[in-house]
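Structure first, commentary second.
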Amino acid sequence: MGGSIATGVRALTEDVDGVLIIPGDMPLLTPEFLTAMIEHFERVPEPRSIIYPQSPACVQGNPVLWPQRFFAELAGLTGAAGGKSLLQRYADDSMPFPIADGPLLLDIDTPDDLVRAAAFLAARV
């Protein structure tokens with residue numbers, strides 16, 4: 001994951017203020033949620049903080065919105081860890097984006113996760 005993030009960040013132009021890193025296994029995210037997260041990021045004064053969603057149980061989730069000042073370190077990521085180590089290192093430069101709907105942050109890593117996602121979607125219909 002680190003290499004994929006690094007490749008994407010290196011492709012960004014200098015006029016980009018931030019990058020939203022979204023794992024591909026989060027099918028419950030909505031455009032409205034992502035827009036709200038971006039709007040929250042834009043309201044944060046300079047220097048902008050790293051923005052991450054926080055579940056009702058106060059658990060840090062994905063996606064994470066990174067300000068430009070972290071692009072160089074993101075561009076140097078390697079391995080499977082992704083940006084989690086950077087997020088931990090820069091905890092004081094991070095800001096939670098509290099959400100009321102914890103299942104939005106569900107990522108599909110196991111068959112049980114898929115069952116939970118399907119049940120959540122069925123309950124919303």
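The values are calculated or read from the model by the stated rules, or taken from the named source; none is laboratory data. Only a predicted model underlies this, so the values are computations on that prediction, with no experimental measurement involved. Heads up, the Cβs are rebuilt from the backbone with ideal geometry, glycines too, and the neighbour counts pull from every protein chain shown. Only protein heavy atoms, including side chains, enter the accessible area calculation; ligands, DNA and RNA are left aside. Shrake-Rupley method; radii C 1.70, N 1.55, O 1.52, S 1.80 Å.
Annotation: peptides 63-72, 115-124, ranked by per-residue average of other Cβ atoms within 10 Å with the highest first, follow the order 63-72, 115-124. Working note: Karplus 6.51/-1.76/1.60 with θ = phi - 60° gives the stretch 69-86 the couplings 5, 9, 4, 4, 6, 5, 5, x, 5, 9, x, 8, 6, x, x, 4, 5, 5 Hz, where Gly and Pro are set to x.
Along the axis of the charge dipole computed for the chain (Cβ charges of +1 for Lys and Arg, -1 for Asp and Glu, origin at the Cα centre), the listed residues Val64, Thr30, Ile108 are led at the positive end by Ile108.
Within the set of other residues whose C-beta is less than 11 Å from the C-beta of Gln68, count the net charge using Lys and Arg as +1 and Asp and Glu as -1. Its environment carries a net charge of -2. Here is the tail figure for the stretch 17-104: Cα pairs spaced more than 19 Å apart come to 36 percent of all pairs. Expressed as a whole percent, the accessible surface of the chain that belongs to carbon and sulfur atoms is 59, based on a 1.4 Å probe. With respect to the chain, whose longest principal axis is taken over its alpha-carbon atoms, helix 31-43 is tilted by about 30°. If only the Cβ of Lys and Arg carry +1 and only the Cβ of Asp and Glu carry -1, the dipole of the chain around its Cα centre is close to 160 debye. For the stretch 6-125, the solvent-accessible area works out to 58 Å² per residue, with a probe of 1.4 Å and every protein chain left in place.
Applying the criteria of a DSSP loop state and at most 10 other Cβ atoms within 10 Å to the GluC sites (Glu not before Pro) of the stretch 1-110 yields Glu14.
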